[in-house]
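S.K.: Before anything else, here's the structure in question.
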Amino acid sequence: MRADIVGSLEAVTRVRGVRGAMVVSAEEGLVVAESSMEGIDGAAVAALMAGVVARLGRATEAAGRTAPAFVHLQAEGGALLAVPAPRDLLVVAVTDAEVNVGLVRLELRQAAEQLA
Amino acid sequence: MSNEDIRVLTSQLAGDPSSLVFLPLGEALRRRGQLEAAEKIVVAGLTRYPELAEAHDLLARVLSDGGDLERAFDEWDIALRLDDRHAGAHKGIGFLYYVAGDLPQALDHLEAALAADPGAEGVAAAVARVREALAAPAGPSGPADSTRPPLLATPAPPPGAADSPTVFAGLEGAQDGLLLLDGNGLRLGGGLTAPDGSAVGDAVAAHLAGVFRDASRATRLLSLGSWTSVAAETADANLFLCAPAPDSLLLLVRDNSVPIGRLALQAERASEAARRWLERPA
């Protein structure tokens with residue numbers, strides 16, 4: 001199972017500009033699996049991104065909307081992208097500023113589907 | 001139109017999706033304030049009848065009722081390209097120019113609306129009032145509320161919308177779908193309503209303050225510099241969050257038919273308005 005997860009993450013990290021990808025438990029914000037995360041504090045990223053997605057989920061719920069299916073946090077030097085997956089997981093990618101966000105989103109979604 | 005009438009029209013449309021019954025159904029929903037439902041019906045109808053000026057006019061009125069004046073203008077513009085004598089489209093665009101303070105353009109379109117429908121007393125009154133305003137010496141660039149033709153009153157905010165439209169005045173979704181809040185999750189302006197019509201701006205603002213903090217910490221931790229935006233897609237809406245000024249947050253919420261890229265452009269305009277508002281003299 002863990003090998004499958006890592007395999008699906010590798011498809012994400014093959015996209016040019018992706019620095020790393022991980023599967024995170026959405027509720028606890030813990031790293032379940034990761035790929036190519038050298039130099040990145042995965043545990044902290046997992047906790048913070050899970051927090052961002054959870055807070056956005058509470059905001060969309062308060063707005064009478066459904067939970068986010070894709071979250072894109074853009075910064076000056078890169079981005080964090082997240083897609084919820086079954087079993088209360090999140091697939092997260094850390095990218096450079098120059099990246100094809102649409103392609104990463106597709107790969108994240110495919111990775112999330114493979115976690116079903 | 002009664003609930004039963006609407007049910008019958010809905011049933012007819014379900015039985016024959018190519019029927020033009022989407023027009024009276026969309027109009028009935030609009031009049032009842034069910035703008036989201038009305039928009040869906042008319043947009044679906046337009047996929048079958050993209051060159052029906054009447055449908056573009058109806059969609060524009062739905063959008064205008066919801067405060068989405070930018071898209072309303074586009075739809076009325078399309079209606080006029082399809083039928084350059086369309087009274088409703090001239091009236092609508094005349095209204096938008098009037099709101100924008102461009103009285104000569106407003107007059108041109110209102111006169112065209114009157115020419116297309118000479119019996120429209122309301123339009124005739126509006127033409128007269130705009131002419132008066134134009135003739136007034138050194139008047140304000142935009143007419144005061146008291147001079148607004150009754151027919152062309154600014155669309156009422158949706159039920160439950162916030163009562164602070166001045167931050168985003170003139171922008172698409174100024175009263176519903178644009179929210180300005182401070183770093184503590186307190187709403188500073190704008191408004192947001194849930195699909196059921198309830199006002200949710202304050203509750204949403206409270207939850208978003210944490211996003212602000214987490215986003216800042218995450219990007220700092222990764223040495224990504226300052227965060228610039230957070231976009232989220234849900235099954236029924238797209239959201240875009242940015243910080244127009246230090247310790248303030250701007251949220252845009254739109255139907256998921258509006259792509260994130262367009263939200264980003266709208267956010268730029270809204271951010272400029274927010275900065276002007278935040279920097280105004282107390």
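S.K.: Across region B:31-55, what is the total count of residues that are charged (D, E, K, R), within 20 Å of B:Asp196 (Cβ to Cβ) and modelled with pLDDT of 85 or more? Quick ask: steps written out before the conclusion?
M.R.: Going residue by residue through region B:31-55, those that are charged (D, E, K, R) are B:31-32, B:36, B:39-40, B:48, B:51, B:54.
Adding the requirement that they be within 20 Å of B:Asp196 (Cβ to Cβ) leaves B:31-32, B:36, B:39-40.
If we keep only those that are modelled with pLDDT of 85 or more too, we end up with B:36, B:39-40.
Count: 3.
S.K.: Ok, one more. Return the residue satisfying two criteria in turn: it lies in region B:193-234 and is within 15 Å of B:Arg254 (Cα to Cα) and more than 7 Å from every other protein chain (Cβ to nearest Cβ), and of such residues it is surrounded by the most Cβ atoms within 10 Å (Cβ to Cβ).
M.R.: For region B:193-234, the residue satisfying everything is B:Gly201.
S.K.: Just give me the residues in region B:72-86 being surrounded by fewer than 19 Cβ atoms within 10 Å (Cβ to Cβ) and either assigned to a helix (DSSP H, G or I) or of a type in the set (S, T, N, Q) (or both), in sequence order.
M.R.: B:Asp74, B:Asp77, B:Arg81, B:Leu82
S.K.: Of everything in region A:9-45, what is assigned to a helix (DSSP H, G or I) and facing another protein chain (nearest Cβ under 10 Å)? Give them in sequence order.
M.R.: Passing the criteria: A:Ala44, A:Val45.
S.K.: Still on this structure, I have one more. Quick one: in region B:1-43, which of the residues that are assigned to a helix (DSSP H, G or I) and of a type in the set (Asp, Glu) is farthest from B:Ala79 (Cα to Cα)?
M.R.: That would be B:Glu4.
S.K.: Next question, about the same structure. Would you mention how many residues in region B:249-264 are outside any loop (DSSP other than H, G, I, E, B) and touching a residue at least 12 places away in the same chain (Cβ under 8 Å)?
M.R.: 10
S.K.: Here is a check on your reading of the model: is A:Thr66 of a type in the set (Ser, Thr, Tyr), in a loop (DSSP other than H, G, I, E, B) and at the interface with chain B (Cβ under 7 Å from one of its Cβ atoms)?
M.R.: Working: of a type in the set (Ser, Thr, Tyr): yes; in a loop (DSSP other than H, G, I, E, B): yes; at the interface with chain B (Cβ under 7 Å from one of its Cβ atoms): yes.
Judged against the criteria, A:Thr66 is a match.
S.K.: Pick from B:Arg48, B:Arg31: which is out of contact with any Ser or Thr (no Cβ under 6 Å at 6 or more places or on another chain) and without any contact (Cβ under 8 Å) to a residue 40 or more places away in the chain?
M.R.: Details: B:Arg48 fails: out of contact with any Ser or Thr (no Cβ under 6 Å at 6 or more places or on another chain).
Result of the check over B:Arg48, B:Arg31: B:Arg31.
S.K.: Can you name every residue in region A:46-63 that is within 7 Å of another protein chain (Cβ to nearest Cβ), surrounded by 21 or more Cβ atoms within 10 Å (Cβ to Cβ) and in a helix (DSSP H, G or I)?
M.R.: Matches in region A:46-63: A:Leu48, A:Met49, A:Val52, A:Leu56, A:Ala59, A:Thr60.
S.K.: Mind listing whichever residues of region B:1-21 are surrounded by 10 or more Cβ atoms within 10 Å (Cβ to Cβ) and of a type in the set (S, T, N, Q)?
M.R.: B:Thr10, B:Ser11, B:Gln12, B:Ser18, B:Ser19
S.K.: Pick from B:Val43, B:Val62: which is surrounded by fewer than 21 Cβ atoms within 10 Å (Cβ to Cβ) and of a type in the set (A, V, I, L, M)?
M.R.: B:Val43
S.K.: From the residues in region B:237-248 that are modelled with pLDDT of 90 or more and part of a loop (DSSP other than H, G, I, E, B), which one is farthest from A:Gly39 (Cα to Cα)?
M.R.: Applying the filter and picking the extreme gives B:Pro244.
S.K.: What is the number of the single condition among (1) among the β-branched types (Val, Ile, Thr); (2) at pLDDT below 90; (3) surrounded by 23 or more Cβ atoms within 10 Å (Cβ to Cβ) that A:Val24 does not meet?
M.R.: That leaves (2) as the condition not met.
The values are calculated or read from the model by the stated rules, or taken from the named source; none is laboratory data. Here the structure is a predicted model, which is why all the values come from computation and not from measurement. Quick reminder, even Gly has a Cβ in these numbers, built from the backbone with ideal geometry, and neighbours come from all protein chains shown.
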